[in-house]
Every structure is written in C-alpha cells, then in structure tokens.
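Beneath this line is the structure, given in structure tokens, with notes to follow.
The values are calculated or read from the model by the stated rules, or taken from the named source; none is laboratory data. Owing to the predicted nature of the structure, the values given are computational and were not obtained by experimental measurement. Here Cβ is always computed from backbone atoms with ideal geometry, including for glycine, and neighbour counts include all displayed protein chains. Areas reflect the complete protein model, heavy atoms only, side chains present, ligands, DNA and RNA absent. Shrake-Rupley method; radii C 1.70, N 1.55, O 1.52, S 1.80 Å.
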Amino acid sequence: MTFAELKAHIHNCLQPLYPKSEINSFYFILLEHYVNYTTADVLANADTLLTDDIKQSIQQAITELQTAKPIQYILGETEFFSNRFFVDENVLIPRPETEELVDWVLQTYPDKNYPLHILDIGTGSGCIPISLAKALPKSVVTAIDVSPKAITVAQRNADRNGVKIQFLQCDILQTKTLPQKYDVIISNPPYVRELEKTEMHSNVLSYEPHLALFVPNERPLLFYEQIASLAQRYLKPEGSLFFEINQYLAAEMQAMLTQKNFAEIILRQDLSGNDRMLCAHTFTKVK
C-alpha cells in the first residue's frame with residue numbers, strides 16, 4: 001500500500017464518522033507518528049510503500065478511530081505549545097485554548113531570566129507547568145493534582161521535556177495551606193456543568209476523565225472559589241492569578257473575584273471568540 005492508497009483507505013473507513021478535513025488531518029498525523037514524515041514529506045512521496053508492520057499499526061489506529069477514540073490516546077501523545085506530551089485516559093487532552101492561557105502568562109512576564117515562583121493547580125498531563133518551565137527556565141514551578149495517575153503522566157512529561165517540576169498529590173478542595181507564596185497561580189480546573197454534557201462530543205464523554213471535566217450544576221465555581229481563597233493568602237504582592245474558565249460563566253467569575261477583593265480583573269476571549277480566560281493581577285488584603 002502506498003501513501004496515496006492509504007489516504008483513500010482512511011477516507012473510505014472514516015468518512016461516515018468524521019468530516020473530510022479531520023480525516024485528512026488523521027492521515028498526516030498517522031504518517032508523521034509511524035513513518036516520521038512531515039506533511040511536506042508525505043505530499044512529495046505519495047508513491048512510497050508502507051512496510052507491513054507500519055500498515056498493520058495504522059490499520060489498528062483506524063479501527064480505534066472508528067470507535068471515536070481520540071487519536072491522541074491512540075498514539076499516546078500530542079503536541080502542546082510546540083512540545084511533545086504523553087497522554088492517556090488518566091489525563092485530559094490539552095486544548096488550543098489552554099495554549100492561549102500559557103501564552104498570556106508569558107506576555108505578562110516576558111523576562112525569561114526573572115526567577116518566578118509558579119503554581120499550577122489541577123495539572124493533568126503537566127502541559128501548563130512544563131511549558132512555562134521551558135519558556136521561563138529560571139523559574140521554580142510546582143504543580144498539584146488530585147490524581148496520582150495524572151501525576152505519574154505529568155512527571156513522565158517533565159522528564160521527556162527536560163524540566164524540573166515539583167509535583168504534589170492532593171485534593172485542592174480539601175487544601176487549607178500551600179507550601180509557599182507565588183508570583184503566579186494558574187489553573188484550568190474542572191468547569192463543565194453536568195447540564196452541558198449534551199453539547200460535548202461523544203469521544204470526550206466516552207474517553208476523557210470526568211474527574212477533570214465536570215462540576216455540579218448547583219456549584220459550578222467550587223474549584224475557582226477555593227483556588228481564589230487560597231490565592232488571597234498565597235499570592236505575592238503584585239502576583240497574578242490566571243484561570244481558564246467556562247465561557248458561559250464569565251460574569252459569575254468576575255463577580256466572585258470582585259467579592260473576594262481581587263482587583264484589575266481582565267477577561268480575554270480565545271481565538272474562537274469565547275470568553276475563556278481571566279487574570280487578576282492584584283488584590284486588596286481582606287480585613
């Protein structure tokens with residue numbers, strides 16, 4: 001089977017399930033993963049023959065794609081902020097909007113040599129703290145997650161990317177103290193309300209960890225409220241609190257942070273135009 005024949009085969013197998021553009025993406029991703037060819041390489045070598053072993057591996061991946069399993073879990077890795085990360089079903093697949101959140105931090109702190117103390121809460125695969133640690137090599141970065149399996153994945157990713165992160169396993173909802181004060185506290189916590197499940201793709205509902213996704217309808221901000229309360233005491237003066245948020249709850253988030261005496265609350269939209277990120281640079285001390 002040549003590359004060109006593989007492309008036709010993938011479309012034939014997957015066209016009832018995925019749009020054409022996504023199937024094309026799968027084609028290039030699979031060849032990059034199994035043959036180590038760039039998109040340009042693939043386009044220039046359409047008549048190249050696949051070995052039997054690679055053909056078998058790709059066919060297995062196609063079979064799993066037919067079950068709606070995310071390709072990142074099939075291949076066991078993904079790209080985030082130009083870095084490679086291991087992923088499995090113990091961690092969420094990193095999203096492009098989270099890259100935008102990381103980029104906002106780096107815009108706020110452009111001096112790569114400034115030694116920031118950074119805390120990421122709900123780290124999952126470790127994509128946020130690892131990306132920040134690579135971009136800000138003088139910084140000291142700590143990451144928290146409730147799941148020991150997620151921390152195992154995150155530690156593997158830190159090793160893969162050559163950075164040192166202090167990982168702590170704890171339930172942030174039960175946490176009353178943090179190890180120290182920080183210049184930056186950042187979090188992409190669970191924020192999808194149970195009522196929003198009907199808006200989600202089946203591959204997310206079937207494969208990604210619900211622990212990292214969902215919150216009760218009646219308390220959608222419970223993680224943010226807890227993290228903001230801790231940040232009141234553990235952010236340094238002029239420190240910054242960064243959140244990825246539920247696009248439907250931006251007003252409620254701003255009100256909550258205002259009630260907790262944060263100031264200079266900035267809301268940003270993601271590239272899709274959704275209210276997706278909040279930053280509070282400073283706060284006034286609680287009396």
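Summarising the amide proton neighbourhood of residue 215: residues at separation of 5 or more, or on other chains, whose placed amide H is nearer than 5 Å comprise 192, 193, 194. Dimensions of the chain from C-alpha coordinates, computed as largest minus smallest value along each principal axis and given longest first, are 72, 43, 33 Å. Can you pull the percent of the chain's accessible area that's carbon plus sulfur, 1.4 Å probe, other chains left in place? Answer for the chain: carbon and sulfur cover 50 percent of the accessible area.
Excluding residues fewer than 8 places away in the same chain, name every one of the lysines whose C-alpha is closer than 28 Å to that of residue 164. Partners within reach: 112, 134, 138, 149, 176, 181, 236. Backbone geometry of the stretch 172-183 corresponds, through the Karplus equation with coefficients 6.51, -1.76 and 1.60 at θ = phi - 60°, to 3J(HN,Hα) couplings of 4, 5, 9, 7, 9, 9, 10, x, 6, 9, 10, 6 Hz, x marking Gly and Pro.
Once the Cβ-Cβ distance of residue 57 and residue 202 is raised to the sixth power relative to R0 = 25 Å, the FRET efficiency obtained is 0.50. Applying 1/(1 + (r/R0)^6) with R0 = 41 Å to the Cβ-Cβ distance of residue 195 and residue 134 gives a FRET efficiency near 0.65.
The distance between label points at residue 49 and residue 181 comes to 6.9 nm (points 7 Å beyond Cα on the Cα→Cβ vector). A simple rule links phi to the HN-Hα coupling: the Karplus curve 6.51 cos²θ - 1.76 cosθ + 1.60 with θ = phi - 60°, which for the stretch 200-210 gives 9, 5, 5, 5, 6, 5, 7, 10, 7, x, 4 Hz, with x for Gly and Pro. Hydrodynamic estimate: the Kirkwood radius of the stretch 181-287 over Cα pairs, inserted into Stokes-Einstein at 4 °C and 1.567 mPa s, corresponds to D of 89 µm²/s. The tail of the calculated P(r) for the stretch 81-135, taken as Cα-Cα distances beyond 15 Å, holds 47 percent of the pairs.
Per-residue extension of 0.36 nm, minus the Cα-Cα distance of residue 112 and residue 2, leaves a gain of 35.0 nm for this segment.
Loop-located trypsin sites (Lys or Arg not before Pro) across the stretch 42-141 with a Cβ neighbour count of 14 or fewer within 10 Å are 112, 138, with loop assigned by DSSP. When each full DSSP H helix of the chain is screened for a Cα extent of at least 15 Å along its own axis and an average Kyte-Doolittle hydropathy of at least -0.5, the helices passing are 3-14, 20-35, 96-108, 222-234.
Of the residues 39, 11, 27, the one whose Cα sits farthest towards the positive end of the charge dipole of the stretch 1-86 is 11 (charges of +1 on Lys and Arg Cβ, -1 on Asp and Glu Cβ, taken about the Cα centre).
Simple point charges give the picture: +1 on the Cβ of Lys and Arg, -1 on the Cβ of Asp and Glu, and for the chain a dipole about the Cα centre of about 1080 debye. Within a straight-line Cα-Cα reach of under 24 Å, residue 20 can be paired with the following lysines, leaving aside sequence neighbours fewer than 8 residues apart in one chain: 7, 55, 69.
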